[in-house]
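Let me begin by presenting the structure, written as structure tokens, before commenting on it.
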């Protein structure tokens, strides 16, 4: 093997690390991870305490959407079967608890449950996106200094300005530091 072939299959690892420089996660990587698996971006940002909140929210909304879907299917079947012309039981049998309700009540409850279910689907999507936005924003804001010292220091000191016409002119310089 030639030396060039050996270099192709080797890698180097540098131990030259600067202990004063802090590594922060890349915001693009964080948002990608958070979109792949909800909560992964928060773990990358070292905010693991948010992961149970994310999964609790998504799990609760998911459970509620399954409940609403079942209720909607029951009311849809009951409403469809309430017409004498529909004898094929296309949506299944009418649940026992809904037998005897009027068509108007069945239709309004069916429509209400469908709208509520669709709203929950939108809420699940927005919660998923909010999870990624939270991880992305925190990854961007992580390097900023959030120390308690929010003071502004003003320094006045005498100075001289050299002018071609007037020569040295006494002045005052102002320095502002945060």
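The values are calculated or read from the model by the stated rules, or taken from the named source; none is laboratory data. Bear in mind that the values here come from a model prediction, so they are computed numbers and not experimental data. FYI the Cβ positions are ideal-geometry reconstructions off the backbone, even for glycines, and counts take in every protein chain you see.
Residue by residue, here is whether (1) in a helix (DSSP H, G or I); (2) at positive phi; (3) at pLDDT 95 or above holds:
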{"position": "71", "(1), (2), (3)": "yes, no, yes"}
{"position": "76", "(1), (2), (3)": "yes, no, no"}
{"position": "80", "(1), (2), (3)": "yes, no, no"}
{"position": "83", "(1), (2), (3)": "no, no, no"}
{"position": "112", "(1), (2), (3)": "yes, no, yes"}
{"position": "127", "(1), (2), (3)": "yes, no, yes"}
{"position": "160", "(1), (2), (3)": "no, no, no"}
{"position": "165", "(1), (2), (3)": "no, no, no"}
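When restricted to residues that are under 30 Å from residue 24 (Cβ atoms), surrounded by 10 or more Cβ atoms within 10 Å (Cβ to Cβ) and without any contact (Cβ under 8 Å) to a residue 40 or more places away in the chain, the range 140-166 contains 1.
Does residue 90 qualify as being out of contact with any strand residue (DSSP E or B) (no Cβ under 9 Å at 6 or more places or on another chain), modelled with pLDDT under 95, surrounded by fewer than 18 Cβ atoms within 10 Å (Cβ to Cβ) and under 30 Å from residue 138 (Cα atoms)?
Values: out of contact with any strand residue (DSSP E or B) (no Cβ under 9 Å at 6 or more places or on another chain): yes; modelled with pLDDT under 95: yes; surrounded by fewer than 18 Cβ atoms within 10 Å (Cβ to Cβ): yes; under 30 Å from residue 138 (Cα atoms): no.
Judged against the criteria, residue 90 is not a match.
Of the residues 169, 137, which is surrounded by 10 or more Cβ atoms within 10 Å (Cβ to Cβ) and assigned to a strand (DSSP E or B)?
Working: 137 fails: assigned to a strand (DSSP E or B).
The match here is 169.
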